[in-house]
Each structure stands twice: as structure tokens, then as C-alpha cells.
Amino acid sequence: MQLLRSNLRSATWLALAVAVVAADAAQAAPLKWKFKQGDKMDYALRQKADILIDANGVEFDIKVAQTMDLKWDVKAVAADGTVELTQKVDRVQLKMSTPFTGEFVYDSKDEANAPTGEIWERMGGPIKALVGGEFTVKLKPNGQVEEIKLPEKLVELLGESKGGGAQSMMMGGGLFTESAIKQIIEQSILTLPDSDLANGTTWNKKIENKLGPIGTQKFDTTLTYEGTETKDGVELAKIGTKTEMAFEPNADSDVDIEMEVTEQEGKGSVLFDTKAGRVLESQNVQKMTLEGDFMGNEFAQEITLTLLLKQGNSDGLPKDEAPAEEAAEEAAAPAESK
């Protein structure tokens, strides 16, 4: 009997010890960006917009894919952890197809075959000005963006081109405005929670894209920590994302527009190198249906926005001929199969 009681006590303590170890394993230290002055990183960033517009029964199909090769350079890290870095655009690629512009392709490495025509004359200046331009970005220690500054020449050209007509054509999905470019950059930078992590820990990131007299897009992303996995000896944190977009009209505008999001689904994922303190890759696909009235004309839009960010250059991204959602899945596949 004494032996039985002793064995029971031993089993009880063993069970408690296993529970404590399991609890410790489920809890992880906070994820941290690990920036040092002088750090340099290469990333490829692509945004795609696939838009089907029905305006009073007339359909318009618009497809835009813009890819930038970015060179990150950490200029300073303050005592409180605030980071100042630059993102220099090394290459720009653009594919566009609309009823208003036709189809054209631009690659800054092939200026000899740059598009021509009136639309390109308005759009080409800002797009070409991206090449060699440096964005200055200030981040909090957790990656939250405090400030983004665009090159002065680019801001000037964007103002002159009025987005090359893209804002009026695409209405919620324009890529060629100062606010839209800032929104793309901010959305591509991962914000991390300050607390310890456990599977299922969630936090939020909110971003706005101001559309001038039309109104403001508001993106609210919920991020969820999904644990870690080791690939090629590298520990990666897995983070799932879900994004909701809302539209807020400009109350002071003379533009007569009513618009609401009637359907939407936004999801994505991030792989974060915990040792290096860097994003390995991230992808997000946002599908939505907008309905409303613009200057007395009823319209409906089906929009798919895809954002891909990956270490390296654009040669490592999937071919952008694929539909937006397929391209995002293809971008994630290499990391999952390593």
C-alpha cells in the first residue's frame, strides 16, 4: 500500500511537471524586429488590382500589376528603439489593361521599349520617378509605422498627373497617388505585439488610404500568432491575417457619391524569421464588392487586391500573369514546401 501511494504521488508530480513544461512551450517571447544601423535588406513588393466594374449595365475590366524591387537601408536606431530606414526603388515593373488605356507593359530595365501615348505621358512620369527614389520610413520598435516620406520629385509629379487618371478609373483601387503608395508601403511592414505570445494571440493594424474628394478607405487587419515551424534550421513564426475594408465618404466634398462594401473577404499569412528578426515573406488577398451611386450613375465593383512581399528580388516572385489569388498562393508555396 505504501508503495502504491508513493507511485501515485510520483505520477501526480510527473503530470504537474509535464503540464508546466507544456505551458511554457505554448508561451513564446515577444517577436522582435532586430534592426541595427547599417543593416541592408532586399525585398520584392508587388500589388495587383483586378477590378470588374458594372456602371449602369456596362462592364469594364481593369487589371493592374505593379512590382518594385526595394533595397532597405537602416540609417539609425534611437535609444528608445525607434528605427529610421530608407527604401530605395531599384526596379519598377508595370502591367496594365483597361478599356481606357489598352494593354501595356513597362519595365524600368527596358526603357527602350517603354509605352507611348497620351495616357502614358501622364502616368509615365511618376512611375519612372519611382526608380532610384528613396522613401524614408520611421518605425517604432514593434514595426508600427510613424512616418513615411516620398521623394520630393515623385510627390511633385504625382500632383501634376492626378494619378494619371487611375484614381477616377479605379475609384477604390488606384495605385498611382501619394496616399496609395504610402498605404502599400505601410501595409507591407509587419506590426508586432509587445506582449508574450501564445497560440491564438491576436493584435490589430489599421491603415487609411485617402482618395481625395471621393473619401477614405480604411483597412483593419487582425493578426493571429499561429506558432512556429523550423525549415532548413531556421525558426519561423507563422502569423495569419484577416483584413476588413470600410469606405468613409468625404463629407466636405462636392463629388456626389454613395458607396458601401456589400461583401468582402480578406486573408493572408506572414512568415517571420525569429532569429534574424525579419519578415521572410507575406501575402494578403482582399476580395470585395462595392455598390453605390456616382454622380447619378449606379455602379458595382468586384475588386481583388493582392499584396506580396518577399525577401530577394522580383525574379523570385511568381509570374504575374496568374490571377491575383493564385499568385498569392503560389508565392506562399515555396516556403511551405522547403
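The values are calculated or read from the model by the stated rules, or taken from the named source; none is laboratory data. Quick caveat, the model's predicted, so the values are computed rather than measured. Methodologically, a virtual Cβ is constructed for each residue, glycine included, from the backbone with ideal geometry; neighbour enumeration extends over all protein chains shown.
Search the stretch 82-99 for residues being within 19 Å of the chain's Cα centre (by Cα) and β-branched (V, I, T), and hand back the single one that is farthest from E134 (Cα to Cα).
Result: V92.
Among the residues of the stretch 76-121, which ones are part of a loop (DSSP other than H, G, I, E, B) and of a type outside the set (A, V, I, L, M)?
D80, G81, T82, P99, F100, T101, S108, K109, D110, P115, T116, G117
Suppose we filter the stretch 105-156 for residues that are over 24 Å from the mean Cα position of the chain (by Cα) and among the aliphatic types (A, V, I, L, M); how many remain?
3
Restricting attention to the stretch 250-266, which residues are free of Cβ contacts under 8 Å to residues at least 40 places away in the same chain and surrounded by 17 or more Cβ atoms within 10 Å (Cβ to Cβ)?
V261, the sole residue that qualifies.
Listed residues A129, A78; which is among the small types (G, A, S), buried (at least 18 other Cβ atoms within 10 Å of the Cβ) and out of contact with any Cys (no Cβ under 7 Å at 6 or more places or on another chain)?
Matching residue, one of A129, A78: A129.
Please pick out the residue among D90, D73 that is modelled with pLDDT of 95 or more, over 30 Å from D194 (Cα atoms) and surrounded by fewer than 20 Cβ atoms within 10 Å (Cβ to Cβ).
Going through D90, D73 in turn, the sole match is D90.
Given the criteria out of contact with any Phe, Trp or Tyr (no Cβ under 9 Å at 6 or more places or on another chain), on the phi > 0 side of the Ramachandran plot, modelled with pLDDT under 90 and not aliphatic (A, V, I, L, M), does G38 qualify?
So G38 does not fit the description; no.
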